Amino acid sequence: MISHRIITAFALAASLAATAVQTASAEDAPPRQKWSFAGPFGIYDQAQLQRGFKIYKEVCSTCHSIKLLAFRNLAEPGGPGFTEAQAAAIASEFQVTDGPNDQGQMFQRPGTLADRFPPPFPNDQAARAALGGKLPPDFSVIAKARGYEWGFPQFIIDAFIDYQEDGPDYIHALLNGYTDPPPGFALPPGGQYNKYFPTGAIGMPKPLSDGQVQYTDGTPMTVDQYGRDVSAFLMWAAEPTLDARKRLGFQVMIFLVVLTGLLYFTKKKVWHDVHHPELTGSQPPA
């Protein structure tokens, strides 16, 4: 009886401690958003991806590269839904370094569908020199590289509900997290306060403001919507075949269910005579 009470007390204490840790961590956690691509059956919203690309092109591309993405990806199934002609026109707006030519010189030319997005700076040293010594991260897989550790028990719940959108949640929160620093918070020279950045002090100035980028489809032109759209685009950039992966996974699950049924009834048929020898007049093996 005493041991049972001790075990119950320890279990209750552990549960309260876990809840306290979770509540404390959730205070500074990025708010969870609703995404069209969330869950096992979610898919990308083409209109949102096109708006997100517009945000990246007009705002983010001045500092951040997206080197693993090719222009042809913009016209591939499961992406923003641009036609090949539209993707080629977008590519032609960028200057790509090519060469060497017959004289052994590198040269600039308009981009083609086969090219990857060129970086905004010729090299990392030039990027640091232009941006106060800081190297802006590449955006190719940032939606997968960034996230938030929720701890126990939320990570177990996420495994059951298949929640994998912490990266877009963090990006959206970061873009909306610029605010005045709390009393006593010392900002470094040139730093900005962002309540969702790990240290609170971020070197990137606030990149977005209401009405900064023009939408033509009636979507609200707010920082919240801009952050949502570019986060979705960066999620696609990090996993452009997500729609195909989910579709294939669903087909595999159906196949496994059918295969399980076939194997079950095959087993019943094969072992029927062994389990019921009286029906066949045969004797079971010794």
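Which of the GluC sites (Glu not before Pro) across segment 21-111 are loop residues per DSSP, with 14 or fewer other Cβ within 10 Å? Numbers along the way, then the final one.
Details: sites: 27, 58, 84, 93; in loops: 93.
Sites meeting the loop and neighbour criteria: 93.
For segment 212-271, what is the charge dipole size about the Cα centre, in debye to the nearest 20, if Lys and Arg each add +1 at the Cβ and Asp and Glu each add -1 at the Cβ?
Once rounded to the nearest 20, the dipole reads 800 debye.
Tally Lys/Arg at +1 and Asp/Glu at -1 over every other residue whose Cβ is under 11 Å from the Cβ of residue 166; what's the total?
Values: positive: 32, 144, 146; negative: 149, 158, 165, 169.
Charge balance near residue 166 sits at -1.
Say we join alpha carbon atoms closer than 10 Å with springs in a Gaussian network model of the chain; which of 231, 209, 140 then has the biggest fluctuation?
So, out of 231, 209, 140, the one fluctuating most is 209.
Just how much of residue 178 is accessible, in Å², when a 1.4 Å probe is used and the result is rounded to the nearest 10?
For residue 178, the solvent-accessible surface is approximately 40 Å².
Keeping all protein chains in the complex and leaving out DNA, RNA and ligands, what accessible area do you get for residue 258 with a 1.4 Å probe, in Å² to the nearest 10?
My reading of the accessible area for residue 258 is about 80 Å².
Counting pairs of alpha carbon atoms under 8 Å apart in space and at least six apart in sequence, what relative contact order in percent does segment 146-286 give?
About 17 percent, as a whole number.
Please report the accessible area of residue 253 (heavy atoms, 1.4 Å probe, ligands and nucleic acids excluded) in Å², nearest 10.
Looks like 110 Å² after rounding.
Full extension from residue 275 to residue 179: what is 0.36 nm times the residue separation minus their Cα-Cα distance, to one decimal in nm?
Contour length minus the Cα-Cα distance gives 27.2 nm.
So what's the chain giving for Rg/Rh, alpha carbon basis, Kirkwood Rh from the mean inverse pair distance?
On the Cα set of the chain, Rg over Rh gives 1.16.
Which whole-number value in Å² is the accessible area per residue of the chain, probe 1.4 Å?
61
For residue 216, what is the net charge nearby, where nearby means another residue's Cβ is under 12 Å from its Cβ and Lys, Arg count +1, Asp, Glu -1? Kindly include the intermediate steps, with their values, before the conclusion.
Values: positive: 51, 54; negative: 217.
Neighbour charge sum, excluding residue 216 itself: +1.
Going by a ≥ b ≥ c, the root eigenvalues of the Cα gyration tensor, does segment 196-286 fall in the rounded group (a/c under 1.5), the prolate group (a/b larger than b/c) or the oblate group?
Numbers: a/c = 6.84, a/b = 3.86, b/c = 1.77.
Prolate shape, in that a/c is at least 1.5 and a/b is the bigger ratio.
Mean separation of Cα pairs under 8 Å and 6+ residues apart, divided by the residue count of the chain: what relative contact order is that in percent?
Here the relative contact order equals 22 percent.
Let's see if you can work this out: charge +1 on each Lys and Arg Cβ, -1 on each Asp and Glu Cβ, no other charges. What is the dipole magnitude of the chain about its Cα centre, in debye to the nearest 20? Before the final figure, lay out each step's value.
Values: 23 positive and 27 negative charges, 86 e Å.
Value, rounded to 20: 420 debye.
Grab the other residues whose beta carbon is less than 11 angstrom from that of residue 77, score K and R as +1, D and E as -1, and report the net.
That works out to -1.
Under the rule a/c < 1.5 gives rounded, and otherwise a/b versus b/c splits prolate from oblate, where does segment 112-167 land using the Cα gyration tensor?
oblate
Report the extension gain between residue 108 and residue 162 in nm, rounded to one decimal, defined as 0.36 nm multiplied by the number of residues separating them, less their alpha carbon distance.
14.9 nm
The values are calculated or read from the model by the stated rules, or taken from the named source; none is laboratory data. Owing to the predicted nature of the structure, the values given are computational and were not obtained by experimental measurement. A quick note on method: Cβ atoms are made from the backbone with ideal geometry, for glycine too, and the neighbour counts reach across all protein chains shown. Ligands, DNA and RNA are stripped out before the accessible areas are found, and what is left, the full protein with its side chains, is counted by its heavy atoms. Shrake-Rupley method; radii C 1.70, N 1.55, O 1.52, S 1.80 Å.
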